[in-house]
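**Q** One structure coming up, written as structure tokens, with questions to follow.
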Amino acid sequence: MLALSTLRYYTLDEVAVHATSESCWVLLWDYVYDITKLLVSFPPHAVKSILSVAGKDISHLFEHGRTLGISVLNVREFSVGTASHPITALVAPRSGLRALAFPSRQAPDDRTDKAPLSPWWQDETLIVGRLASKLRKIIVKNVLTGHEHFMEVPSEEILADVRKRYLEFNRQAEDCIWRALKQNEAGNATSFELDMNSTLEANGITDDTENFDRKRIAFAPFVPVLYLHFTDSSSAQ
């Protein structure tokens, strides 16, 4: 059984790079699927159509089946109907992409086998992650060197996963203590150690962007700064 709580969160940009026959990912609802190995199950004429949506959100291609509160893993059937051309607005059948919902069975040892396949979107082994519902802007600052690095991270990610992303830029960050600033009752800024097993929000670093937008208040977006404090066992790059 897939542990949904342990899935990595991906951004749209991260999914978009997987758009080839060697690495073919798609978004279906909020799940990220790697369907590379399924391409051999599709007729050749359909593979080109499927690759045209590789690395993209294909939820809109499925007209039925999405019911509020129902997981895609519990949906048995989708109906792929017609699509409107983005330029001409003409309506045409999705002949090639229809195979994406209903792959043909091409067993090497029995080409005549017509037994129905389980829907591929119910195959949990194809799920590599979930789509981030919102991105948070942060600045990671090395207090030893003064270097600052701007990042956009999924709001659902715990800080331990944010740290994994940052390791690409500073391998010593694993041994650092991560801290942030908050105001005390007197209104003064104080430093506190972050809980790496919690999200930014759970650490008290809230995102007020939506509140400002809802109230139509113009403001300069505040980007929180996370401070890296090196321990005796770590050194700055």
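The values are calculated or read from the model by the stated rules, or taken from the named source; none is laboratory data. Keep in mind the model is a prediction, meaning the values are calculated, not measured. Reconstructed Cβ throughout: ideal geometry from the backbone, glycine too, with neighbour counts over all protein chains shown. These area figures cover heavy atoms from the full protein model, side chains too; ligands, DNA and RNA do not enter into them. Shrake-Rupley method; radii C 1.70, N 1.55, O 1.52, S 1.80 Å.
**Q** Among residues belonging to region 158-169 that are of a type outside the set (Ser, Thr, Tyr) and assigned to a helix (DSSP H, G or I), point out the one that is most open to solvent (accessible area, probe 1.4 Å).
**A** Among residues in region 158-169 that are of a type outside the set (Ser, Thr, Tyr) and assigned to a helix (DSSP H, G or I), the one most open to solvent (accessible area, probe 1.4 Å) is 164.
**Q** Separate question: Which of the residues that make up region 129-157 are surrounded by 18 or more Cβ atoms within 10 Å (Cβ to Cβ) and in a strand (DSSP E or B)?
**A** Passing the criteria: 129, 130, 131, 136, 138, 140, 142, 153, 154.
Every residue, every condition in (1) surrounded by 13 or more Cβ atoms within 10 Å (Cβ to Cβ); (2) within 23 Å of residue 164 (Cβ to Cβ); (3) touching a residue at least 12 places away in the same chain (Cβ under 8 Å); (4) in contact with an Asp or Glu (Cβ under 9 Å, 6 or more places away or on another chain), yes or no:
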| position | (1), (2), (3), (4) |
| --- | --- |
| 6 | no, yes, no, no |
| 11 | yes, yes, yes, yes |
| 14 | yes, yes, no, no |
| 18 | yes, yes, yes, yes |
| 28 | yes, no, yes, yes |
| 32 | yes, yes, yes, yes |
| 36 | yes, no, yes, yes |
| 43 | no, no, yes, no |
| 50 | yes, no, yes, no |
